[in-house]
Amino acid sequence: MPLDYPVIFKDWDASDNANIQQAVATAIADAESLWAPEKFDGVFPTTGFGIKRLQPADIGKLSTAWPTAPYNTATAATTSTMYTWYFSITNALAWTSVINNAILSDSCYVIITGFFNYDSNPDVEALQITADGIVYPVIDIQEMYGWDFATAYFSHPIVIRPEKMITLSIRTTAPGLKHFGLLGFTIGKRSYLIGPL
């Protein structure tokens, strides 16, 4: 029986795979309508559009969450780059919008399937996503810190359409730089997928 409430899973199992496949199929069908006459052309599209793993630049390209030039070189002054999912938190025990009203490109869809925290002492307690006008419930993520890897998958993937807005808010127990990010896929036009981000 499919779950009709959100949970997080340690492993990506058959039911997660079915939900993710459905989310990807729905986004592809929507993209074929939106970007007609272009068609889905797989992982390495030679025409039309394709799919790749989600990268920070896919969400932050038009955002102020990172420096203005995607895939810039990290410096001491700006450790937060488009290469990685690093967020600087200044207020502990408070909600902080680490991605604040970022607008997706007109050439991509984003499918969020989960999240990770690679800090040596992870302290992100919870997250909340607002995407495409929908405010999703707060997700307490502390249980994943007892797992072998601090990676978890949503029971219900989140699909964000082109030119729609996303906000990611997190709550931590201490200030500092957090290596916390989102897992998922990007469906994009060929020009977007092969272009320098």
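The values are calculated or read from the model by the stated rules, or taken from the named source; none is laboratory data. Predicted model, so just to flag it, every value in this text is computed and none were measured. Note: ideal-geometry Cβ built from the backbone for every residue, glycine included; neighbour counts use all protein chains shown.
Which of the numbered conditions does Phe154 fail, given that it passes all the others? Conditions: (1) assigned to a loop (DSSP other than H, G, I, E, B); (2) buried (at least 19 other Cβ atoms within 10 Å of the Cβ).
Going through (1) assigned to a loop (DSSP other than H, G, I, E, B); (2) buried (at least 19 other Cβ atoms within 10 Å of the Cβ) one by one, Phe154 breaks only (1).
Going through the range 93-133 one residue at a time, which ones are within 16 Å of the chain's Cα centre (by Cα) and without any contact (Cβ under 8 Å) to a residue 12 or more places away in the chain?
Listed by number, the list is empty, since nothing qualifies.
With (1) farther than 26 Å from Ile141 by Cβ; (2) modelled with pLDDT of 80 or more; (3) not hydroxyl-bearing (Ser, Thr, Tyr) as the list, and Ala94 as the residue in question, which single condition is left unmet?
Of the numbered conditions (1) farther than 26 Å from Ile141 by Cβ; (2) modelled with pLDDT of 80 or more; (3) not hydroxyl-bearing (Ser, Thr, Tyr), the odd one out for Ala94 is (1).
Scan the range 170-197 for residues that are surrounded by fewer than 17 Cβ atoms within 10 Å (Cβ to Cβ) and among the hydroxyl-bearing types (Ser, Thr, Tyr) and jot them down.
Within the range 170-197, Thr173, Ser191 meet the criteria.
Are any residues in the range 117-129 closer than 27 Å to Gln21 by Cβ and modelled with pLDDT under 90, and if so, which ones?
Asn117, Tyr118
Can we say Pro45 is modelled with pLDDT of 90 or more, out of contact with any Pro (no Cβ under 8 Å at 6 or more places or on another chain), at negative phi and exposed (fewer than 13 other Cβ atoms within 10 Å of the Cβ)?
no
So Pro37 fits all but one of (1) over 18 Å from Lys189 (Cβ atoms); (2) at pLDDT 90 or above; (3) not aliphatic (A, V, I, L, M); what number is the exception?
(1)
Restricting attention to the range 105-116, and to residues there that are part of a loop (DSSP other than H, G, I, E, B) and touching a helix residue (DSSP H, G or I) at 6+ places or on another chain (Cβ under 7 Å), which single residue is modelled with the highest pLDDT?
Applying the filter and picking the extreme gives Ser107.
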